[in-house]
Amino acid sequence: MTERFIEKHKGQVEWETLSFHQALSERFINRHSDKMAAISAEQPRSEAFLYMHLEKMDPETILACQQIGEAVEYESFKVYSISRNSRKKYIVEFNHYDEPDSPRFLKLDDEGFYDLLEEYELQDHIEADFPELLFIEEMRF
């Protein structure tokens with residue numbers, strides 16, 4: 001189905017998972033993302049698109065199918081940054097996730113990621129690895 005056909009018959013479309021069954025442009029998805037419960041990460045997408053729709057995308061598929069750069073690695077996890085303008089979101093991939101309550105991936109904003117670094121006592125790495133988080137450190141003190 002073409003995007004034009006989908007829009008013409010929008011009342012009969014299953015929007016929640018449409019991007020998993022059709023090759024859709026970023027522009028089309030941006031226009032209709034509010035109707036979609038999830039967005040496929042299998043097609044190549046821009047980093048700005050990934051940033052905007054990260055919450056609706058599977059992190060494992062993003063890492064497998066998208067080019068988002070090198071990870072910063074720590075003992076317990078790897079961190080991938082996704083940027084849009086000067087803003088960033090993070091995908092954290094844990095090395096040990098075999099316990100039932102421990103997730104393999106987390107999708108975090110600046111504050112959530114800063115909290116995770118604090119939890120793992122990695123604040124000393126912020127200035128070198130994630131200078132964009134320094135403002136959070138300054139706001140908290």
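So, Ser19, is that one open to solvent by less than 50 Å² (accessible area, probe 1.4 Å), of a type in the set (S, T, N, Q) and either under 29 Å from Glu132 (Cβ atoms) or without any contact (Cβ under 8 Å) to a residue 12 or more places away in the chain (or both) or not?
Criteria not met by Ser19.
Need the failing condition index for Ser81 against (1) open to solvent by less than 20 Å² (accessible area, probe 1.4 Å); (2) of a type in the set (Ser, Thr, Tyr); (3) not in a loop (DSSP other than H, G, I, E, B), just the number.
(1)
Out of all the residues in segment 49-62, which are open to solvent by 40 Å² or more (accessible area, probe 1.4 Å) and either over 23 Å from Lys88 (Cα atoms) or aliphatic (A, V, I, L, M) (or both)?
Selection gives Met52 alone.
Just to be sure, is Leu106 among the aliphatic types (A, V, I, L, M) and assigned to a strand (DSSP E or B)?
It is true that Leu106 is among the aliphatic types (A, V, I, L, M) and assigned to a strand (DSSP E or B).
Give me the pairs, please: first residue somewhere in segment 27-39 and among the charged types (D, E, K, R), second residue anywhere and open to solvent by 70 Å² or more (accessible area, probe 1.4 Å), beta-carbon distance under 8 Å, and either six or more positions apart or on two chains.
Close Cβ pairs satisfying both conditions: Lys35/Glu16.
When Ser33 is evaluated against the numbered criteria (1) in a helix (DSSP H, G or I); (2) surrounded by fewer than 14 Cβ atoms within 10 Å (Cβ to Cβ), which criterion, by number, is the only one it fails?
Failing condition for Ser33: (2).
Take the residues in segment 99-141 that are hydroxyl-bearing (Ser, Thr, Tyr) and open to solvent by less than 50 Å² (accessible area, probe 1.4 Å); name whichever of them is modelled with the lowest pLDDT. Walk me through how you get there before you give the answer.
Step one: of segment 99-141, the residues hydroxyl-bearing (Ser, Thr, Tyr) are 102, 114, 120.
The next check asks that each one be open to solvent by less than 50 Å² (accessible area, probe 1.4 Å); those that pass are 102, 114.
Numbers: Ser102: 81, Tyr114: 95.
Here the residue is Ser102.
The values are calculated or read from the model by the stated rules, or taken from the named source; none is laboratory data. All of these numbers come straight from a predicted model, not from anything done at the bench. Using ideal geometry, Cβ is built from the backbone for each residue, glycine included, and neighbour counts are taken over all protein chains shown. Keep in mind that these areas ignore ligands, DNA and RNA; they rest on the heavy atoms of the full protein, side chains included. Shrake-Rupley method; radii C 1.70, N 1.55, O 1.52, S 1.80 Å.
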